[in-house]
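K.L.:
The structure follows.
Only the coordinates and a few stated rules stand behind these numbers; no lab work does. Every value quoted in this text rests on a predicted model; they were computed, and no experiment measured them. Here Cβ is always computed from backbone atoms with ideal geometry, including for glycine, and neighbour counts include all displayed protein chains.
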Ligand SMILES: Cc1ncc(C[n+]2csc(CCOP(=O)(O)OP(=O)(O)O)c2C)c(N)n1
């Protein structure tokens, strides 16, 4: 009989001791813990979660039809992604990992620019030089992710230390995956955060898997949150598929950081429902039953029931949102695919303030070749 190599990951979130849960699986809220957010905030949360779900679905299908090279979804992680960033002020900084592009919706980042980055075209603000999913917007205080796992944490802690030294009243939010907590950068950042107590909130999206390695093979700790204790600061564990719990935990941590109370580490217990990225086939290492159990804990559906009971959700409103989001994505794809690649002339930009003569010579040479290519279709040798 063949031996199964599929190791179970994490259990779906249940009301367990030590984990903050406010929304019950049936969509009712614990009355003692319900943050009673204003209707407008609840609607914004729903819209942003829905936008992330739809954007992921559309971009994965764009990748499957060969129109973008790579994509990493946050399907199943919408509450954890949107809820952690929701309480930030616009001046606060976000240091995302692969799955936090959706937080840009909270800062009204145009979808067309996200699509442009995924294509790497002439509209792309990073001029086609980054892998897809590396959105970047210094004006909205959103720092491009680094593909190198766990580096987000030292970057975030360093930025927070700088803010503290300068007296800049901002909070920094940094993200990591469960796999990232096995990397040395995680421990370096946690130690600096504990020692210097800068205004930082460090979030681990524990989505059960680091590509094919389950969380239980990353650590012997009972929880990831408890690792903060060793570094001398607070760690909290949250049902990451419960948007009200995530917002509540994140708001407490952000307010604490802003008022000089130092760092907090938040573990959001959630699940990566699709492949690690468009290059991965998760059916090779995990059971369909596990995925199904988590699909039943869908964070959007759970929140939808809560909104409906409050009279804040209707099928018509949902359809209107879906239409608006899809139209914006379709327009972004049309514009993005028509834009063409970034001009060759930009290849030498942004490295030196004043281009050195030797590079200027190469730039002119390249431009001459580019012109010649336009003439007869061939590069002169
Ligand atoms: C330092 C480093 N080692 C290995 C990799 C290859 N790699 C890319 S993503 C990934 C797994 C990440 O898992 P996790 O931190 O749990 O985040 P998730 O992708 O599940 O959100 C690995 C090993 C890398 N990018 N950087």
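K.L.:
Highest first, please rank the peptides 169-175, 188-194, 313-319, 323-329 by the mean number of other Cβ atoms sitting within 10 Å of their residues.
P.N.:
Final packing ranking: 169-175, 188-194, 323-329, 313-319.
K.L.:
Okay, next question. Starting from 0 in steps of 10 Å, tell me what percent of the Cα-Cα pairs of the chain lands in each bin.
P.N.:
Going out from 0 Å in 10 Å bins, the chain shows 5, 22, 30, 25, 11, 5, 2, 0 percent.
K.L.:
How tilted is helix 152-166 with respect to the longest principal axis of the chain? Cα atoms for both, answer in degrees (0 to 90, nearest 10).
P.N.:
Orientation of helix 152-166: about 90 degrees from the principal axis.
K.L.:
Sticking with this one: Taking the Cβ-Cβ separation of residue 352 and residue 212 as r and a Förster radius of 35 Å, what is the calculated FRET efficiency to the nearest 0.05? Walk me through the numbers before you get to the answer.
P.N.:
Numbers: r = 42 Å, r/R0 = 1.21.
Here the calculated transfer efficiency is 0.25.
K.L.:
Quick one: compute the contact order of segment 23-338, relative version, from alpha carbon pairs under 8 angstrom and 6+ residues apart, as a percent.
P.N.:
24 percent
K.L.:
By how many nm would the segment from residue 334 to residue 168 lengthen if fully extended, with 0.36 nm per residue of separation less the alpha-carbon distance?
P.N.:
Working: separation 166, 0.36 × 166 = 59.76 nm, distance 4.09 nm.
Full extension from residue 334 to residue 168 adds 55.7 nm.
K.L.:
Between residue 323 and residue 220, with labels modelled 7 Å along Cα→Cβ, what's the label distance in nm to one decimal, could you check?
P.N.:
Simple spin-label model gives 5.9 nm for this pair.
K.L.:
In Å and whole numbers, how far do the C-alpha atoms of segment 249-367 stretch along each principal axis, longest first?
P.N.:
66, 45, 39
K.L.:
If we sort 120-133, 195-208 on the protection proxy, mean other Cβ atoms within 10 Å, highest first, what's the order?
P.N.:
Highest-to-lowest ranking by the protection proxy: 195-208, 120-133.
K.L.:
Between 82, 68, 224, find the one with the highest GNM mean-square fluctuation for the chain; connect C-alpha pairs within less than 10 Å.
P.N.:
68
K.L.:
What is the Å³ per residue value for the convex hull set by the Cα atoms of segment 64-121?
P.N.:
Spelled out: Cα convex hull of segment 64-121, divided by residues, is 95 Å³.
K.L.:
Starting from the Cα of residue 91, step 7 Å toward the Cβ, then list every residue of segment 193-229 with an amide N under 17 Å from that point.
P.N.:
199-200
K.L.:
Counting DSSP beta bridges in the chain, what percent are antiparallel, to the nearest 5? Before the final figure, lay out the partial values.
P.N.:
Values: 4 of 28 bridges.
Close to 15 percent.
K.L.:
Which value at 222 nm does the chain reach when only helices count, each DSSP H run of 4 or more adding -39,500 (n - 2.57), with the total divided by all residues and rounded to the nearest 500 deg cm²/dmol?
P.N.:
That calculation yields -13000 deg cm²/dmol at 222 nm.
K.L.:
Shifting gears a bit: Relative to the longest principal axis of the C-alpha atoms of the chain, give the angle of the C-alpha long axis of helix 184-196, reported between 0 and 90° and rounded to the nearest 10°.
P.N.:
Rounded to the nearest ten degrees, it is 70.
K.L.:
Determine, from the Cβ-Cβ distance of residue 301 and residue 40 and an R0 of 22 Å, the FRET efficiency 1/(1 + (r/R0)^6), rounded to the nearest 0.05.
P.N.:
Values: r = 22 Å, r/R0 = 0.98.
Calculated value: 0.55.
K.L.:
What is the distance in Å between the Cα centres of segment 201-217 and segment 88-129?
P.N.:
23 Å
K.L.:
Once both axes come from the Cα atoms, what is the angle between helix 357-376 and the longest principal axis of the chain, in degrees from 0 to 90, rounded to 10?
P.N.:
Tilt of helix 357-376: around 80 degrees.
K.L.:
Which FRET efficiency, nearest 0.05, do residue 70 and residue 234 yield, Cβ-Cβ r, R0 45 Å?
P.N.:
On the way: r = 36 Å, r/R0 = 0.80.
Once rounded, the FRET efficiency stands at 0.80.
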